[in-house]
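To start, the structure itself, in structure tokens.
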Amino acid sequence: MIVYKTDDLLVRTLETSDQELLVKWLSDPRVLEYYGGRDRPHDLELVKEIFYKQDEEVRCIFEYLEKPIGYIQYYLVDEKTKKEYGLKGKRIFGTDQFIGEVEFWNQGIGKKLIKSMIEYLKTHGHADKVVMDPQTWNERALKCYESCGFKKIRILEAHEWHEGKLRDCWLIEYPVK
């Protein structure tokens, strides 16, 4: 199902037929360096376990010029998490994403994706804020998100397991309203 479309991007819900794409992307060490960790390549079983479970996340593939090149998910942040992170607002969405086709890195596509997702969540999700938690060392992602209007709120210490250790992450937010 199509979630939304722009001039050159299409975001659609994840389908069973996308499993092999996810395996391809999440077994590439260049992608895993930033998403999941190079010590955790994904096979079909792990992709099914992580990406095809039923929960509150809306999991999507995004296409650029009709070619599937990456993954994005979005979800409404629950009350427990809002309290834990000190977030204020009724409708706060979180997103996670990666470009799996590395030849599309550093072309501004991530920026287009983030801006279009913010607009979608504002218009269709009635979002008050959009938040993310990139690892502090991921300067390329942080630069992209900040150029889209996200602001660093605070460090989440030892927040995410990545390549054998707990890593600090930035809590960043985009105030939609």
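The values are calculated or read from the model by the stated rules, or taken from the named source; none is laboratory data. Every value quoted in this text rests on a predicted model; they were computed, and no experiment measured them. Note that we place each Cβ from the backbone using ideal geometry, even for glycine, and neighbour counts take in every protein chain shown. Ligands, DNA and RNA are stripped out before the accessible areas are found, and what is left, the full protein with its side chains, is counted by its heavy atoms. Shrake-Rupley method; radii C 1.70, N 1.55, O 1.52, S 1.80 Å.
Electrostatic bookkeeping for R167 treats Lys and Arg as +1 and Asp and Glu as -1; over the other residues with beta carbon under 10 Å from its beta carbon, the sum is -3. Distance between the 7 Å Cα→Cβ label points at M1 and S147: 3.3 nm. Shape descriptor for the range 98-164: Rg over Rh equals 0.99 (Cα atoms; Rh from the Kirkwood inverse mean 1/r). Suppose R0 equals 30 Å; then what is the FRET efficiency for E79 and Y52 from their Cβ-Cβ distance, rounded to the nearest 0.05? Computed FRET efficiency for E79 and Y52 comes out at 0.70.
Is the shape of the range 44-110 rounded, prolate or oblate, going by the alpha carbon gyration tensor and its root eigenvalues a ≥ b ≥ c, with a/c under 1.5 for rounded and a/b larger than b/c for prolate?
Values: a/c = 2.77, a/b = 1.59, b/c = 1.75.
Oblate, because a/c is 1.5 or more while a/b does not exceed b/c.
For the chain, the calculated P(r) over all alpha carbon pairs, in 10 Å bins from 0 to the bin holding the longest distance, is 9, 37, 41, 12, 0 percent.
For F98, what charge total do you get from the other residues with a beta carbon under 13 Å from its beta carbon, if Lys and Arg give +1 and Asp and Glu give -1?
0
Other residues lying with their Cβ under 10 Å from the Cβ of K5 contribute a combined charge of -2, Lys and Arg counting +1, Asp and Glu -1.
Does the range 59-147 classify as rounded, prolate or oblate by the C-alpha gyration tensor (a ≥ b ≥ c root eigenvalues; a/c under 1.5 gives rounded; else a/b over b/c gives prolate, otherwise oblate)? Note, shape of the range 59-147 comes out prolate. Within the listed set A127, A158, A141, the Gaussian network model of the chain (springs between alpha-carbon atoms below 10 Å) gives the highest mean-square fluctuation for A158. Ranking H124, H162 by solvent-accessible area of protein heavy atoms (1.4 Å probe, all protein chains present), from largest to smallest, gives H124, H162. Highest mean packing comes first when the peptides 116-122, 132-138, 54-60 are listed by Cβ atoms within 10 Å, giving 116-122, 132-138, 54-60. Among the listed pairs K5/K165; K122/K165; K53/K112; K67/K88; K80/K111, those whose Cα-Cα separation exceeds 32 Å are K5/K165; K122/K165; K67/K88.
Express the carbon and sulfur contribution to the solvent-accessible surface of the chain as a percent, rounded to the nearest whole number, probe 1.4 angstrom.
50
For the range 1-143, the solvent-accessible area with a 1.4 angstrom probe is 53 square angstrom per residue. Packing, taken as the mean count of other beta carbons within 10 Å per residue, orders the peptides 98-104, 69-75, 40-46 from highest to lowest as 69-75, 98-104, 40-46.
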